[in-house]
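Have a look at the structure below, then the notes.
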Amino acid sequence: MIILRTDIIKTKLKIIKENVELVEENLPDDVNEFKVLGLVKDGIYKRIETSIQEVMSICSVINTDLKLGIPSNREDIIISLIENNILSGKMGEKVKEMKGFRNFLVHRYGKIDDGVAFKDIKKGLPDFELFKKEILNFLKKHD
């Protein structure tokens, strides 16, 4: 019998939702305003980083609980979730993009280009809601 840790997954989804709401409340419409936010900008980066980490953690929990195999890296987890129809191919690609952006934020390869990051954040924010919907639909099938 497979036991899926739905409480952990739902808690992580709640953290993502709270982080995204905070980012949306504090993210200006204009890149020039964003560039001069100082600590608020750093907070936005941290909330996005944490949200992406939670996405990856949810993927890992599902992979482990369903015993989908031992991955050699995080990319393998995403591929496994796509192959097992837990994530759509489109969402899997979005999660891979998130992972890349998170690595960029964490390791700060050079100095972050705030203009590029601003554009990526604006474009990527809706992806968190789409991820949540796919995960909740998957959880409904396993209730």
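Scanning segment 73-96 for residues that are at pLDDT 90 or above and among the acidic types (Asp, Glu) yields GLU83, GLU93. Here PHE118 meets each of (1) of a type outside the set (Asp, Glu); (2) at positive phi; (3) at pLDDT 90 or above with one exception, condition (2). Close Cβ contacts (under 6 Å, 6 or more residues apart or on different chains) running from residues in segment 1-22 that are among the hydrophobic types (A, V, I, L, M, F, W, C) to residues that are surrounded by fewer than 14 Cβ atoms within 10 Å (Cβ to Cβ) and not in a helix (DSSP H, G or I) comprise LEU4/HIS142. Reported count of residues in segment 75-97, each being crowded, with 16+ Cβ neighbours inside 10 Å and of a type in the set (Lys, Arg), is 1.
Can you name the number of the only condition in (1) over 20 Å from the mean Cα position of the chain (by Cα); (2) in contact (Cβ under 8 Å) with a residue 24 or more places away in the chain; (3) not in a loop (DSSP other than H, G, I, E, B) that LYS67 fails? Looking at each condition in turn, LYS67 falls short on (3).
Within segment 108-143, the set of residues being without any contact (Cβ under 8 Å) to a residue 24 or more places away in the chain and assigned to a helix (DSSP H, G or I) comprises VAL116, ASP120, LYS123, PRO126, LYS133, ASN137, LYS140, LYS141. Scanning segment 75-94 for residues that are assigned to a loop (DSSP other than H, G, I, E, B) and closer than 10 Å to PHE131 by Cα, we see that the one that is farthest from the chain's Cα centre (by Cα) is SER88. Taken together, the residues in segment 1-55 that are among the small types (Gly, Ala, Ser) and touching a helix residue (DSSP H, G or I) at 6+ places or on another chain (Cβ under 6 Å) amount to 1. Within segment 2-36, if we keep just the residues that are assigned to a loop (DSSP other than H, G, I, E, B) and in contact with a His (Cβ under 9 Å, 6 or more places away or on another chain), the residue that is surrounded by the fewest Cβ atoms within 10 Å (Cβ to Cβ) turns out to be ILE2. The set of residues from segment 98-140 being exposed (fewer than 13 other Cβ atoms within 10 Å of the Cβ) and of a type in the set (S, T, N, Q) comprises just one member, ASN137. Scanning segment 58-93 for residues that are under 23 Å from THR11 (Cα atoms), out of contact with any helix residue (DSSP H, G or I) (no Cβ under 8 Å at 6 or more places or on another chain) and among the hydrophobic types (A, V, I, L, M, F, W, C) yields a total of 1. When ASN32, ASN19 are checked against the criterion of being polar (S, T, N, Q) and more than 30 Å from LEU68 (Cα to Cα), ASN32 stands alone in meeting it. Residue count for segment 23-64 satisfying the condition of being more than 13 Å from the chain's Cα centre (by Cα) and over 16 Å from PHE131 (Cβ atoms): 21.
The values are calculated or read from the model by the stated rules, or taken from the named source; none is laboratory data. No experiment lies behind these values; they were computed from the predicted model shown. No Cβ is skipped: glycine too gets one built from the backbone with ideal geometry, and neighbour counts run over all protein chains shown.
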